[in-house]
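The values are calculated or read from the model by the stated rules, or taken from the named source; none is laboratory data. Just so it is clear, the structure is predicted and the values come from calculations on it, not from any experiment. Reconstructed Cβ throughout: ideal geometry from the backbone, glycine too, with neighbour counts over all protein chains shown.
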């Protein structure tokens, strides 16, 4: 295991020290592992809190700042944070308009955020609404599983709901916007290698040379199937087809097309993939209104990518275009 | 039984979790994300510390301390599930807990797990060991068994329930993404909650 770390046990605190040093506009509570936008709480604005296991950077701490999250809680690698962190974050960012929790659909995350919402409401009376993201079409049998996983659409929810909150909309409205993004977004990913959790020191799963895992989650969970490595245009088809089969994307104002890197795949390959995705969408009669290409929701050092499509309308596009100033997304400011 | 007896139960549970950490981790590596043993051990060590620092003087205060500590320290899905169970047990506990009172407390814990985890029989979760144990305890006491005998029946039911999870395909948690591939291993949560019953039988006598 070759990694740029001091020791496995200090990866998260060491990374938070670096984040705080590199982004002085943020405030980092190192003891509780919470990253805040510097001016939180913003009076009259709905506070946005997210968080989850570490290892998906820049998600979530890299999306803290004006126009996006007010706070992000960092758990252990791939392990949900605990309610104490979420309660502290919720209380700290409440500017009097309530707090929205953005939660990826994993049992640990859902249960811990649920407890945190109850505790925060009981202790301080802060109204909390949670929106759960579950966009991964690779999970087919959602009746007999914990349901679809929350993956790429989480980034889009944080951006778009963040913009809605920044406009001063009420908690119920911001939550509706977040739910609308989740309902209209779908994702599918592929892994070309496993990832290696620092504390484990060895790859999470065994993927032979020349093979790929199609329909991967972001923690090294199994995909739909294993297949021989193929040209990018065929891989793009494997990712885009199940997404288009799951939701009718025609008749919208176009889609936001997001090609995400899993951590170890270079940008040049992501652009190769983006071109193939664009070709497939054109063939399917779907226009692309906006794009996002890069590693935004990763799985440590896994190689591979995911494709997320969001069926957009004028409202969502305006919110997407609104100014944002965070370590990982920054425009219009 | 008073707070001191229940305190001893929690110490024994912590000891058994520590003894079985590797086994729980191995089970969880096979079908989940491999952190159950480590997370539970970290949580129960914190529970022991919290109870030793200032021993609670009522059963209700004791269960509350246990629940809050587990919620704060365990993370994952187990923290909220065990934590909620102990908070519900705290609410159900009288000043001193007798046999039927203990059965009531344990059922409140089970109800907490169901409310939090939305699980049913056969999902391959801690419910599959805990529910039969609570039923066996109630039935044993209703039949006129003395408390230790009824508690032993609960341990046997939990053990059988745990073993029955082996062929099941998980329908909850990260194991559920494996579908049929999760069959062939006991559920880690059913295994750890069986230890809770074993610890009770070893420490609680009336």
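The condition of being surrounded by 24 or more Cβ atoms within 10 Å (Cβ to Cβ), touching a helix residue (DSSP H, G or I) at 6+ places or on another chain (Cβ under 8 Å) and part of a strand (DSSP E or B) holds for only one of A:131, A:103, that being A:103.
Of everything listed in (1) part of a helix (DSSP H, G or I); (2) touching a strand residue (DSSP E or B) at 6+ places or on another chain (Cβ under 6 Å); (3) closer than 23 Å to residue A:12 by Cα, the single unmet condition for residue A:239 is (3). For segment A:63-84, the set of residues classified as within 7 Å of chain B (Cβ to nearest Cβ), over 21 Å from residue A:195 (Cβ atoms) and buried (at least 24 other Cβ atoms within 10 Å of the Cβ) consists of A:82, A:83, listed by residue number. Screening residue A:223 against (1) at pLDDT 95 or above; (2) surrounded by 17 or more Cβ atoms within 10 Å (Cβ to Cβ); (3) out of contact with any helix residue (DSSP H, G or I) (no Cβ under 7 Å at 6 or more places or on another chain) leaves a single unmet condition, (1).
For segment A:111-127, residues that are surrounded by fewer than 24 Cβ atoms within 10 Å (Cβ to Cβ) and either within 16 Å of the chain's Cα centre (by Cα) or more than 9 Å from chain B (Cβ to nearest Cβ) (or both) total 9. Would you point out which residue out of A:95, A:51 is farther than 26 Å from residue B:39 by Cβ and either in a helix (DSSP H, G or I) or away from chain B (no Cβ under 11 Å) (or both)? From the options A:95, A:51, the qualifying one is A:95. Scanning segment A:249-265 for any residue that is part of a helix (DSSP H, G or I) and either within 16 Å of residue A:313 (Cα to Cα) or assigned by TED's automatic domain parsing to the domain that holds residue A:214 (or both) turns up nothing.
Considering each residue of segment A:178-194 in turn, at least one proves to be modelled with pLDDT under 95, within 14 Å of chain B (Cβ to nearest Cβ) and under 30 Å from residue A:7 (Cβ atoms). Residues being in a helix (DSSP H, G or I) and either within 14 Å of chain B (Cβ to nearest Cβ) or free of Cβ contacts under 8 Å to residues at least 60 places away in the same chain (or both): count how many of those fall in segment A:144-170. Qualifying residue count for the region: 1.
Within segment B:67-96, being within 22 Å of residue B:28 (Cβ to Cβ) and away from every other protein chain (no Cβ under 14 Å) holds for no residue.
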